[in-house]
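Nothing in this text is a laboratory measurement; each read-out follows from the coordinates by a stated rule. Because the structure is a prediction, the values reported are computed rather than measured. Here the Cβ is made from the backbone with ideal geometry for all residues, glycine too, and neighbour counts use every protein chain on show.
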Amino acid sequence: MKTNKKTYLLTLTAALMLGGWSCKQDALPNPLDTRLQQRLEELSPDGSLDYFRLPDSEAELSKVPSGVGNPLTPEKIALGRMLFFETGLAEDAVHEAGKGTYSCATCHVPSAGFMPGRSQGIADGGVGFGYNGESRNRMYGYDETELDVQGARPLSMLNTAYVTNTTWSGKFGAHHANEGTEYAWEPGKDVELNGLGLDGLETQNIEGTRLHRMRITEGWLDTLGYLGMYDAAFPDFPIHERYTRLTTSFALSAYLRSLTAHQAPFQEWVRGNREAMSQSEKAGALLFYTKAGCYRCHKGPALSSNEFHALGVLDLYQTGGFNTGPDDIRNFGRGGFTGRPEDMHLFKVPQLYNMKDSPFYFHGSSRHSLRAVVKYFNEGVPENDQVPVENLSPYFHPLNLTEAEIDNLVEFLEHSLYDPNLERFVPEETLSGNCFPNNDGLSREQLGCD
């Protein structure tokens, strides 16, 4: 009897110990995780978190959206990666001093979130780099009117696979938002290229190589050593059609479509790692998808959309840009392309990943921190009296966020949407052997190429 009693007590003690251990292991789920997951599932068209997931373009290339007529292949992406950073293409610069000194990456710097490191990008006619592209300025001998600059801040190239119509006005691309705008595709205008029936990236990059004074001829590509890569990327194109602006655009567009910020903490969270975001970031994410209303415009995996809204912010000429002014067509956004009064001063909704990498926001670079952006939206008061009140977005109004809520939302934007490893998209060298992203003397010194 004593033995049985002793055995019973030992068994009971072991059971209690195991039970206690089990309770410690089966921790209750974090309420913020539960609420955020439920909200995302409500917003997802298929009820799944996969709707918000960016694919790994290297391991999941088939899941990356491709453009009309431009299926994605590793060979195209490899060629496009080299061309994007190739300063040797800059052979049609206005002055001799500008030749071979800039690339696509001059105005889309990886360490700056594939945006300019300064308020306005300068390609041909620019000099210097600094740490993050912030020190680039006008090259001696270039008149302001000769600079290759744009009257609106260049958009990030991250997650552009989800962009159907490109630029702030959405003017490039034959489909989606531009169906019904055929009247605007006039001969002699850059948007005439929409007649090719391609999507935005593929259309814009044809024009982009001309606009940015890049030499794309079989002879020059041969000089730089790229014909073999073109042969590998475009074996189905006849030789006489293989080394052109069209195939160059297809390669560049394939590379740009591969730039998915899938290593950001929010992406890790969507994939199931509930420790990827802090409590503050999770609270910010919940605000993003509820009270703050950001989700109404910033949708899907890239947190962008093919929609256009007027927010009443300043234009670039009002904040200090080269070669722009009150009559710059880019000030009018979508309306500058369509000519419709209701489209005036409406701009395309941009993606939101790695936005903290460069301290300039909106098309006119009128805000210099994500906190300032959030406060502008929270106050809901337009600053540009040139924007008709009737054109302002219905979503632009006071949000009534508290300071603590602003703190959490900024944490989400700055940290959860930050991919820390964009250098994986950068080649070790280009075939010309030139310094990149810039190759002028000052840039070479600052980049450590000399």
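Per-residue 3J(HN,Hα) values for the stretch 168-173, derived from phi via the Karplus relation 6.51 cos²θ - 1.76 cosθ + 1.60 with θ = phi - 60°, read 4, 8, x, 6, 9, x Hz in sequence order (x marks Gly and Pro). Once backbone amide H atoms are built at 1.01 Å from N, Ala310 has Phe347, Ser393 as its partners under 5 Å, excluding neighbours fewer than 5 places away on the same chain. With R₀ fixed at 35 Å, the C-beta to C-beta distance from Arg210 to Glu383 puts the FRET efficiency at about 0.50.
Remark: the stretch 143-148, residue by residue, has Karplus-estimated 3J(HN,Hα) of 6, 4, 6, 8, 5, 8 Hz, where x stands for each Gly or Pro and the curve is 6.51 cos²θ - 1.76 cosθ + 1.60 at θ = phi - 60°. Could you sort out which of Lys63/Lys356; Lys189/Lys348; Lys282/Lys356; Lys282/Lys375; Lys291/Lys375 sit more than 25 Å apart by Cα distance in this structure? Too far apart for the 25 Å limit: Lys63/Lys356. Spin-label model, Thr223 to Glu60: label points 7 Å out along the Cα-to-beta-carbon direction sit 4.3 nm apart. Remark: the chain carries a charge dipole of roughly 2020 debye about the Cα centre, counting +1 on each Lys and Arg Cβ and -1 on each Asp and Glu Cβ.
Couplings 3J(HN,Hα) of the stretch 257-268, computed from phi: 5, 7, 7, 9, 8, 7, 8, 5, x, 4, 5, 5 Hz, in residue order, whole Hz [Karplus 6.51 cos²θ - 1.76 cosθ + 1.60, θ = phi - 60°; x for Gly and Pro]. Name the shape class, rounded, prolate or oblate, that the alpha-carbon gyration tensor gives for the stretch 331-450, where a ≥ b ≥ c are the square roots of its eigenvalues, rounded holds for a/c under 1.5, and otherwise prolate holds if a/b is larger than b/c and oblate otherwise. Judged from the Cα gyration tensor, the stretch 331-450 comes out oblate (a/c at least 1.5, b/c at or above a/b). Electrostatic bookkeeping for Pro427 treats Lys and Arg as +1 and Asp and Glu as -1; over the other residues with beta carbon under 15 Å from its beta carbon, the sum is -3. May I ask you to derive the FRET efficiency for Glu423 and Arg296 from their Cβ-Cβ distance with R0 = 25 Å, giving the value to the nearest 0.05? With a Förster radius of 25 Å, E is 0.15. Think of the chain as a dipole: +1 on every Lys or Arg Cβ, -1 on every Asp or Glu Cβ, centred on the Cα centre; then among Leu28, Gln38, Ala112, Leu28 lies furthest on the positive end. Only DSSP H runs of four or more residues enter the estimate; each adds -39500 (n - 2.57), and after division by the residues of the chain the mean residue ellipticity at 222 nm equals -9500 deg cm²/dmol.
Subtracting the Cα-Cα distance of Glu42 and Phe237 from 0.36 nm times their residue separation leaves 65.6 nm of extension gain.
Spin-label model, Ile329 to Glu342: label points 7 Å out along the Cα-to-beta-carbon direction sit 2.3 nm apart. Dipole orientation for the stretch 120-266: of the candidates Gln263, Gly228, Tyr140, Gln263 has the Cα lying most toward the positive pole (charges on Cβ; Lys, Arg +1; Asp, Glu -1). For the stretch 247-308, a crude dipole built from +1 on the beta carbon of Lys and Arg and -1 on the beta carbon of Asp and Glu, taken about the Cα centre, is about 140 debye to the nearest 20. The long axis of helix 200-211 is offset from the longest Cα principal axis of the chain by roughly 40 degrees.
Quick one: net charge around His212, please, counting Lys, Arg +1 and Asp, Glu -1 for every other residue with C-beta under 14 Å from its C-beta. Charge balance in the 14 Å sphere: -3. Values of log10 I(q)/I(0) for the chain across q = 0.07, 0.10, 0.11 Å⁻¹ run -0.39, -0.74, -0.88, by the Debye formula with one identical scatterer at each alpha carbon and no solvent. About its Cα centre, the stretch 365-436 has a charge dipole of approximately 100 debye under the convention of +1 per Lys or Arg Cβ and -1 per Asp or Glu Cβ, with nothing else charged. Which of Ala161, Ala112, Ala372 moves most in a GNM of the chain, Cα contacts under 10 Å? In the Gaussian network model the winner is Ala372.
Taking amide hydrogens as placed 1.01 Å from N in the peptide plane, the amide H of Phe114 sits under 5 Å from those of Val109, each at least 5 positions away in sequence or on another chain. Give me the net charge of Thr101's neighbourhood, meaning all other residues with Cβ under 9 Å from the Cβ of Thr101; Lys, Arg count +1, Asp, Glu -1. So the surrounding residues net to -1. In percent, rounded to a whole number, the relative contact order of the chain is 23, using alpha-carbon pairs under 8 Å and six or more apart.
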